[in-house]
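Just below is one structure, and these are the notes that go with it.
All of the numbers you see were taken from the coordinates with simple rules; none came from a lab. Because the structure is a prediction, the values reported are computed rather than measured. Because the Cβ atoms are built from the backbone with ideal geometry, glycine has one as well, and the counts that use them run over all protein chains shown.
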Amino acid sequence: MRHHDAPAHATGIITIDLATLVSNWRALAARVAPAECAAVVKADAYGLGAAKVVPALAAAGCRTFFVATFDETREVRALAPDADLFVLDGLVGAGSDYVAARAVPVLSSLDAVTQWSAHARAHGQRLAAALQVDTGLNRLGLEPSEIVALREAPELLKTLDLKLAMSHLACADDPGHPMNEAQRQRFDEARRLLPQARASLAASDGLMLGPVFHYDLVRPGYALYGGQAFRGGPTPVLPVVRMAARILQVRDVATGGSVGYSATWTAKTQRRIATIAAGYADGLFRTSSAADGETGGQAIVRGQRVPFAGRVSMDLVTLDVTDVPGEPVHRGDWAELIGPGLSIEDVGRSAKTIGYEVLTSLSRRFHRVYVGGGG
Ligand SMILES: *Cc1c(COP(=O)(O)O)cnc(C)c1O
């Protein structure tokens, strides 16, 4: 693994490949054409850094971005001045802030529609809006009864420029799940009751379910960043993130010796233990600790997969490197934590979570290197 972009003192490094990010977006856009491919860049572009991700995607031709919170719109608006920008959390606080940021709230209740419509009337402006309908996720979105109420109060939508009607799938990672088709039908029913607007149902996994799920616009996040959550086969994206940490010390632990807090791991024979400069403060979840008889997280040292030994602590993880062949493992060597041999899904699984949480938990103190930019 190449680490010469890291400063000599770096204890941890995260490499983010912007060229692969862009080629992932292009591959998804090609798959869904003629539908539009937007980009979901909430949570600082899933932890990868909106400041780098948004300009790279905008330069590649991405015209529509989604964030979760109003605060996130400030950064993204500055990075993509001409893009359409949707706020998934909807209208929270003063409508005038949204107008100033040219941020389009995704309205998910009759109450929110009423508020945004009143703001439009008070300012004598037609305001852009997206409407989210709930089709079974029961999280955010208008209920069928609210859609009927909206139809009976046409003056509410008259002042709004309806840019998008959208909904979100619950089980899109499982192509055999009956929820997918049921939600798609409920979405079609809801759209029949709404004014004409562009439609969007699919995120990363939903767009893999086929053209009937694409509508006018798809909203992937995770897949852009190399995520492979879809269980129906490989998706046309490649990994974007690598992460490695420096080995700080290598020691022999005699048979019966324990490793780490609470002495949960014991050497069954003499073992060679490497301590690396990464812990739960760097996104290595404590749930990937390895007590005796348990399988925890893994790292790659000199091409060989090695297991975590004992508890993950805040800044340190101990690896059992006894079985790494060849030259002894040295202080200063790198242990790969995410990379070609260790996907974000692998890391998530060993921590009893998902790759999404691995990305959004990526260390903020590791040195970050962005490669493949400006192309
Ligand atoms: C986060 C989110 C997305 C993106 O989902 P991915 O699975 O990351 O592609 C799309 N739509 C909504 C409503 C979301 O909350």
Kirkwood estimate for region 88-132, i.e. one over the average of 1/r between Cα atoms, Å: 10.3
Region 90-104 versus region 7-70: alpha-carbon centroid distance in Å: 24
Gain on full stretching of the segment that runs from residue 123 to residue 252 - 0.36 nm per residue minus C-alpha separation: 39.2 nm
Reachable lysines, given that their alpha-carbon falls under 17 Å from the alpha-carbon of residue 158 and they are not under 8 places away in the same chain: none
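Would you please name the GluC sites (Glu not before Pro) within region 91-198 that are DSSP coil residues with at most 12 other C-beta atoms within 10 Å of their C-beta? Mind showing how you got there, number by number?
Details: sites: 146, 152, 155, 181, 189; in loops: 152.
Filter output for region 91-198: 152.
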Degrees separating the helix 178-193 axis from the principal Cα axis of the chain, which is the longest one: 30
Sequence-distant lysines (8 or more away, or on other chains) whose Cα lies within less than 27 Å of residue 268: 352
Share antiparallel - DSSP beta bridges, the chain, percent rounded to 5: 55
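Send over the semi-axes of region 140-290's equivalent ellipsoid, whole angstrom and largest first, taken as the square roots of 5 times the C-alpha gyration tensor eigenvalues.
Over the Cα atoms of region 140-290, the semi-axes work out to 51, 17, 15 Å.
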For 16, 247, order by how many other beta-carbon atoms lie within 10 Å, fewest first: 247, 16
Neighbour cut-off at most 13 other Cβ (10 Å), DSSP loop, trypsin sites (Lys or Arg not before Pro), region 82-181: 126, 139
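Which order do 285, 65 fall in if you start with the one that has the fewest other Cβ atoms within 10 Å?
The fewest-first ordering by Cβ neighbours comes to 285, 65.
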Kirkwood-Stokes translational diffusion coefficient of the chain, alpha-carbon pairs, 20 °C, 1.002 mPa s, µm²/s: 95
Rounded to whole Å, sorted largest first: equivalent-ellipsoid semi-axes of region 302-375, Cα gyration tensor: 23, 18, 13
Value of relative contact order over region 23-79, rounded to a whole percent, pairs C-alpha under 8 Å and six or more apart: 38
10 Å binning of all Cα-Cα separations within region 250-351, expressed as whole percents from 0 upward: 16, 53, 29, 2
12 Å beta-carbon shell around residue 120, net charge (K/R +1, D/E -1): +1
Using alpha carbons only: equivalent-ellipsoid semi-axes of region 235-309, gyration tensor based, whole Å: 25, 14, 12
Relative contact order [Cα under 8 Å, 6+ residues apart], the chain, whole percent: 18
Relative contact order of region 205-360, pairs being alpha-carbon contacts under 8 Å that are 6 or more residues apart, as %: 23
Rounded if a/c under 1.5, otherwise prolate or oblate - region 157-232, Cα gyration tensor axes: oblate
Of the trypsin sites (Lys or Arg not before Pro) in region 261-316, those whose Cβ has at most 11 other Cβ within 10 Å and which sit in DSSP loop: 268
Sorted by Cβ density within 10 Å, fewest first, the residues 171, 37: 171, 37
Segments 336-342, 216-222 sorted - mean Cβ within 10 Å per residue, highest first: 216-222, 336-342
